[in-house]
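Shown next, in structure tokens, is the structure this report addresses.
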Amino acid sequence: MTDPDTLARNRYFAIVASRLVAAAGAVFGLVLLARGVTWERKILGTAIVISAMVVMAVVPAALARRWRSPPPPPQD
């Protein structure tokens with residue numbers, strides 16, 4: 001098994017990386033939206049921005065919930 005501190009650090013980096021990737025996707029969508037000549041590209045840029053925002057909100061919360069420490073056992 002790995003050290004709990006190392007495991008916590010790696011999980012934190014995974015959550016931060018998911019936020020950074022989603023932010024990069026949103027920036028890409030904004031660039032596509034701003035520079036799109038045709039309406040198809042503008043719709044694609046809008047869809048990428050919206051999906052990146054959803055990913056930015058949902059994925060880190062889901063990872064944090066999945067990796068949450070179990071509650072301590074009740075003391076009798």
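Taking the criterion of being open to solvent by less than 60 Å² (accessible area, probe 1.4 Å) and either on the phi > 0 side of the Ramachandran plot or in contact with a helix residue (DSSP H, G or I) (Cβ under 7 Å, 6 or more places away or on another chain) (or both), the residues of the range 1-32 that qualify are 14, 15, 18, 22, 23, 25, 26, 29, 32. Taking residues in the range 6-24 that are within 15 Å of residue 53 (Cα to Cα), and partners anywhere that are assigned to a helix (DSSP H, G or I) and open to solvent by 60 Å² or more (accessible area, probe 1.4 Å), the pairs with Cβ atoms closer than 7 Å and at least 6 places apart or on different chains are 19/56; 22/55; 22/56; 23/56. Selection within the range 1-53: residues that are hydroxyl-bearing (Ser, Thr, Tyr) and in a helix (DSSP H, G or I). The member of this set that is nearest to residue 64 (Cα to Cα) is 12. Take the residues of the range 33-63 that are under 11 Å from the mean Cα position of the chain (by Cα) and over 11 Å from residue 22 (Cβ atoms): which is surrounded by the most Cβ atoms within 10 Å (Cβ to Cβ)? Among them, the one singled out is 63.
Checked against (1) modelled with pLDDT under 95; (2) open to solvent by less than 60 Å² (accessible area, probe 1.4 Å); (3) under 30 Å from residue 9 (Cβ atoms), residue 69 meets all criteria but (2).
The values are calculated or read from the model by the stated rules, or taken from the named source; none is laboratory data. Worth saying up front: this structure is predicted, and the values here are computed from it rather than measured. For neighbour counting, all protein chains shown are included, and Cβ atoms are generated from backbone atoms with ideal geometry for every residue, glycine included. Side chains included, ligands, DNA and RNA excluded: accessible areas come from the protein's heavy atoms. Shrake-Rupley method; radii C 1.70, N 1.55, O 1.52, S 1.80 Å.
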